[in-house]
Amino acid sequence: MEESQNNIENGIISDNYKALLDNNHKEQWANNINGSRTPPQNMAASMVRKKSDPILVSNVRFQMLRSLLNNLQEVVLGTKLALLFPAIPLAIAADFYHFGRPWIFALSLLGLTPLAERVSFLTEQIAYFTGPTVGGLLNATCGNATEMIIALFALRQNKIDVVKYSLLGSILSNLLLVLGTSLLCGGLANLKKEQRYDRKQADVNSLLLLLGLLCHMLPLLFRYASGLNNPFATNTLQLSRISSIFMLIAYVAYIFFQLKTHRQFFESQEGDEDEEEEKPVIGFWSAFSWLVGMTIIIALLSEYVVGTIEAASNSWGISVTFISIILLPIVGNAAEHAGSIIFALKNKLDISLGVALGSASQISMFVVPLSVIVAWIMGVQMDLDFNLLETGSLAFTIIITAFTLQDGTSHYLKGVILFLCYIIIAACFFVDKIPMNETTVGTLGTVLEPSSGVLVA
């Protein structure tokens, strides 16, 4: 027994030990799994995973080699997005040999797609060993690791606009594109069925999003109400930092609400009956090592993306705003997007809603205020003022989504409306050709610096 436990911690799960788990330890694993149900984001990402064949590595004689091959099979080849992994060494080679910067940007963006899904997989594996609470916190923290890392590198290079617009784009993408296509595809696939979902989860996330919207709108309204005086820019920054602290407090309360007091609101009841009991496929230390390694690679590719985004914009004739708000979120969350649609096709809307609303709430109430606090520590003046056009798009998106989900039922027309809203907003930012670092004249006759939110007389 002790030897088998050591094997699983080192990443080796033999057939005998699997049988032992099925027989003697089945109840223990079931309690662990039921106590920390897989979050909707991870369930959606799991739809693009592939089941490995243990026969391929079981005949390898050397234990260490068998362990390594098992890890490679599960981590690297265990996803349908494995075809995109070659983009990672190509991006590194392109940077080393000083290829065109747009190529580095494109290859880095492609390489981030499978890495984001694999981070979700690895945190899920670690959660099997850490228990429900720590596992839930891990999943909540690492759910949008790619966005957080890109934001950190953009802040380090003082590219505040890239941070703001990429995070705004993630919220818009989840609420309109992911949710819209899920409701559309689910409605078309279930025309003869009434698609229903639990409104409790939608109501909680809608309230969080509205609170985040209030914190975004107040600095903007404060700036416009302040007139032409420069000192008010400092007050706007202070208001944003105070609001960010309270947003993080609200997010902590939300996590406690989700994991402890009202866990039943967020459990996917409709998917539990026909799903097989899940078990870890790699050991704790193997998963942890892979997670650290992939995080380092994500950091490297994120630095490439942030450093070459202007070059890609100039080469392709597309504004940095459009790339940040539209392209980055679509590529970064492709696995979750596809999984959400698949669950909607299976008439499991609670999971689809959990993916879209949960990820949007996490970005709005955790990643955005955390970026403001980190920028404060780094001496970078980032605030919650996302400018009028961007904040207006966010406000209408949250309001439209809240109205769409108010009755607890769904049909394809709701998906059509949300999807078209996303296309219209994308078209708006596509024609927005204003350079990120140039000042523009606002409606109050003042000069506005988009990157800092400072009004200049």
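The values are calculated or read from the model by the stated rules, or taken from the named source; none is laboratory data. Worth saying up front: this structure is predicted, and the values here are computed from it rather than measured. Cβ sites come from the backbone with ideal geometry, for glycine too, and all protein chains shown count toward neighbours. Ligands, DNA and RNA are stripped out before the accessible areas are found, and what is left, the full protein with its side chains, is counted by its heavy atoms. Shrake-Rupley method; radii C 1.70, N 1.55, O 1.52, S 1.80 Å.
Taking a Cβ cut-off of under 11 Å around residue 116, the surrounding Lys, Arg, Asp and Glu residues balance to a net charge of -2, with basic ones at +1 and acidic ones at -1.
The modelled label-to-label distance for the pair residue 345/residue 225, using points 7 Å beyond Cα in the direction of Cβ, is 5.0 nm.
Note the full-extension length gain between residue 407 and residue 98 as 0.36 nm times their separation in residues minus their Cα-Cα distance, in nm to one decimal. Each step should come with its number before you reach the end.
Working: separation 309, 0.36 × 309 = 111.24 nm, distance 5.49 nm.
105.8 nm is the gain from fully extending residue 407 to residue 98.
With K and R counted +1 and D and E -1, the other residues having a Cβ less than 12 Å from that of residue 333 yield a net charge of -3.
If you average the C-alpha positions of the stretch 365-421 and of the stretch 332-347 separately, how far apart do those two centres end up, in angstrom? Between the Cα centre of the stretch 365-421 and that of the stretch 332-347, the gap is 20 Å.
With a ≥ b ≥ c the root eigenvalues of the C-alpha gyration tensor of the stretch 173-217, is it rounded (a/c under 1.5), prolate (a/b larger than b/c) or oblate? Could you put the intermediate results ahead of the total?
On the way: a/c = 5.25, a/b = 1.97, b/c = 2.67.
Oblate, since a/c reaches 1.5 and b/c is not below a/b.
Residue order by solvent-accessible surface for 351, 242, 342 is 242, 342, 351, largest first, with ligands and nucleic acids left out and a 1.4 Å probe. Were the residues from residue 252 through residue 72 laid out at 0.36 nm apart, the gain over their Cα-Cα distance would be 61.2 nm.
Taking a Cβ cut-off of under 12 Å around residue 189, the surrounding Lys, Arg, Asp and Glu residues balance to a net charge of +4, with basic ones at +1 and acidic ones at -1. Label sites at residue 417 and residue 285, each approximated as a point 7 angstrom past Cα along Cα to Cβ, lie 5.6 nm apart. Taking trypsin sites (Lys or Arg not before Pro) across the stretch 166-204, the ones in a DSSP loop with at most 15 further Cβ atoms lying within 10 angstrom of their Cβ are 192, 193. You can think of it this way: the chain between residue 314 and residue 188 has 41.4 nm of extra reach, that is 0.36 nm per residue less the Cα-Cα gap.
With the cut-off at 28 Å, tell me which of the pairs 279/346; 193/279; 260/348; 279/414; 200/346; 159/200 have Cα atoms farther apart than that. In this structure, 193/279; 279/414; 159/200 lie more than 28 Å apart at Cα.
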